[in-house]
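Take a look at the structure below.
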Amino acid sequence: MRPCGASTGRGARRRSVTAPRLRKPATRTFSMTSSTTPRPKARPPGGEDAGDGRWSRRRVLLATAITLPLTTTLSTVPRADEGGRAREAAAFIRRMVDRALEILAQTDKPEQERIAELERLLEEATDLDLIAKLVLGSYWRKATPEQRRRYLDLFRKMIRRQIAANISRYDGQRIEIVGSRDIDDRDTMVRTLIYDSKRDGPYRVDWRVRHTDGRFLIIDVVGEGVSLLITKRKEFREIVSAKGIDGLLRAMARKVEGEGAEPRAKG
């Protein structure tokens, strides 16, 4: 999830806690698939599953539970040379996907053991503290030290609970990397298609990967055009606007304890 701001100790360049802005790609898209293999088109956001307004979030959360907590030995990832960073970011995602799916497929292992493995991978592959700060946005600066501490703790627990809730839903989904592009001087977007046997066509998940201090880190997941970071930021802002930061913390605590679904501004 110290990782997707304010400085967290990973490098002086991380200063703003505002959401990263996409800019025009600095390099071309690199195809990661064979030119002889036909590529199915991804389902548009308004497809058959979008009617109830929950499809995008459900798919994003499932994809996150399956593939956000992915990693390899990050210390072995070399610093990308100029012009090759997009390729290396795609290779990073490929290794992470392979490792996560390997863990998920080990159904002979106790579920708690697999959850623990995914949690460890999540810690290594992402900067959860940075993601949490980006989600809270400007309210992070307004929070007291104790509120910040409590918020980061609850955010991590929510991610862990989400992994536990979704791990049993894995049913042999296959992930294909189809391209990558640099979007600024340190971030790369890697596009993947996720194939589900229960679905006619694949759905698209893009990974925003940051290269810093010689390693790659995932800082956002975008499912069918819906940013997980921006979606959570909107939800949390609604709660803080209505009930304050303490109200958000209470809602997060209820979520962690299993009362209800996602934190909401009303109810």
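The values are calculated or read from the model by the stated rules, or taken from the named source; none is laboratory data. These numbers come from a predicted model, not from an experiment. We place every Cβ from the backbone using ideal geometry, glycine too, and count neighbours over all the protein chains shown.
Quick rundown of the values:
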{"quantity": "Contacts under 9 angstrom Cβ, first residue in the range 186-200 being hydrophobic (A, V, I, L, M, F, W, C), partner assigned to a loop (DSSP other than H, G, I, E, B) and surrounded by 21 or more Cβ atoms within 10 Å (Cβ to Cβ), 6 or more apart", "calculated": "Leu193/Pro202; Ile194/Pro202"}
{"quantity": "Options Leu122, Leu101: the member that is under 18 Å from Gln162 (Cβ atoms), buried (at least 20 other Cβ atoms within 10 Å of the Cβ) and not acidic (Asp, Glu)", "calculated": "Leu122"}
{"quantity": "Single unsatisfied condition, Arg87 versus (1) modelled with pLDDT under 90; (2) surrounded by fewer than 22 Cβ atoms within 10 Å (Cβ to Cβ)", "calculated": "(1)"}
{"quantity": "Residue check, Ile66 crowded, with 21+ Cβ neighbours inside 10 Å, touching a Leu at 6+ places or on another chain (Cβ under 9 Å) and at pLDDT 90 or above", "calculated": "no"}
{"quantity": "Residue ranges of strands (runs of 3 or more DSSP E) in the range 140-214 with at least 1 members of a type outside the set (A, V, I, L, M), over 19 Å from Val226 (Cα atoms) and at pLDDT below 95", "calculated": "174-182, 203-212"}
{"quantity": "Contacts under 8 angstrom Cβ, first residue in the range 130-146 being more than 16 Å from Ile239 (Cα to Cα) and surrounded by fewer than 19 Cβ atoms within 10 Å (Cβ to Cβ), partner at pLDDT below 95 and not hydroxyl-bearing (Ser, Thr, Tyr), 6 or more apart", "calculated": "Arg141/Val17"}
{"quantity": "The range 220-248, subset of a type outside the set (Gly, Ala, Ser) and outside any helix (DSSP H, G or I), residue surrounded by the fewest Cβ atoms within 10 Å (Cβ to Cβ)", "calculated": "Val226"}
{"quantity": "Qualifying residue in the range 155-177 (condition: surrounded by 17 or more Cβ atoms within 10 Å (Cβ to Cβ), over 25 Å from Gln112 (Cα atoms) and touching a Phe, Trp or Tyr at 6+ places or on another chain (Cβ under 8 Å))", "calculated": "yes"}
{"quantity": "Some residue of the range 218-225 being among the acidic types (Asp, Glu), under 27 Å from Ala116 (Cα atoms) and under 20 Å from the mean Cα position of the chain (by Cα)", "calculated": "yes"}
